[in-house]
1. In the chain, if the dipole is taken from +1 on Lys/Arg beta carbons and -1 on Asp/Glu beta carbons about the Cα centre, which of Val47, Met106, Val5 is farthest to the positive end?
2. All other residues with a Cβ under 15 Å from the Cβ of Met106 taken together, and with Lys, Arg as +1 and Asp, Glu as -1, what is their net charge?
3. Could you state, as a whole-number percent, how many of the C-alpha pairs of the chain are farther apart than 24 Å?
4. Add -39500 (n - 2.57) for each DSSP H run of 4 or more in the chain, then divide by its residues: what number comes out at 222 nm, to the nearest 500 deg cm²/dmol?
5. Let me have the relative contact order for the chain, percent, based on Cα pairs under 8 Å that are six or more residues apart.
6. So for the pair Val5, His49, with labels modelled 7 Å out along Cα→Cβ, what separation do we get in nm?
7. Treating only the Cβ of Lys, Arg, Asp and Glu as charged (+1, +1, -1, -1), what charge dipole size does the chain show about its Cα centre? Round to the nearest 20 debye.
8. Could you state the angle between the C-alpha long axis of helix 58-70 and the longest principal axis of the C-alpha atoms of the chain, as a value from 0 to 90 degrees rounded to the nearest 10?
Amino acid sequence: MNEQVYRESLTFNYTIKTTLHRQHFNPPIWKDCHFHDFEISLELQAVRHPEDLYGLDMVEMENQLQVWAKQLPEIVNDHPLCPHGTTEEMCLYFSRIPVDSHIQIMRVSVSETPNRVTTLEVYKP
């Protein structure tokens, strides 16, 4: 039953998301801490070779994203990589998640609300 239907290497794109309830502030504009349900999204690309079951273990990647999200303190600004609490800094933080060599993080997006999304293009061929 290990026989694959497609006998060629194929490139697949994946999107993994999680939500994080945290406070932040953006000095000097926003000096008061306030809560958001930040949505974090990773867009990844991986090659699935004929001998592979899949290119990316999405459950494992989702768990890793959640671990990194939970490592951010209650006030995002208290993390050394996010001192200004911006979504730009948060994108850079999540772009550092380690992945296997056959996987590329293509984009990282962080949104405070569905209407405001910050996206970092990580991988440019």
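Throughout, read-outs are computed from the coordinates displayed, never taken from laboratory work. Keep in mind that what you see is a predicted model, and the values were worked out from it rather than measured. When we count neighbours, we look across all protein chains shown, and the Cβ atoms used for this are built from the backbone with ideal geometry, even at glycine.
1. So the residue we want is Met106.
2. +1
3. Looking at the chain, the distances longer than 24 Å represent 34 percent of pairs.
4. -5000 deg cm²/dmol
5. It comes to 27 percent, rounded to a whole number.
6. 2.3
7. 300
8. Roughly 20 degrees, rounded to the nearest 10.
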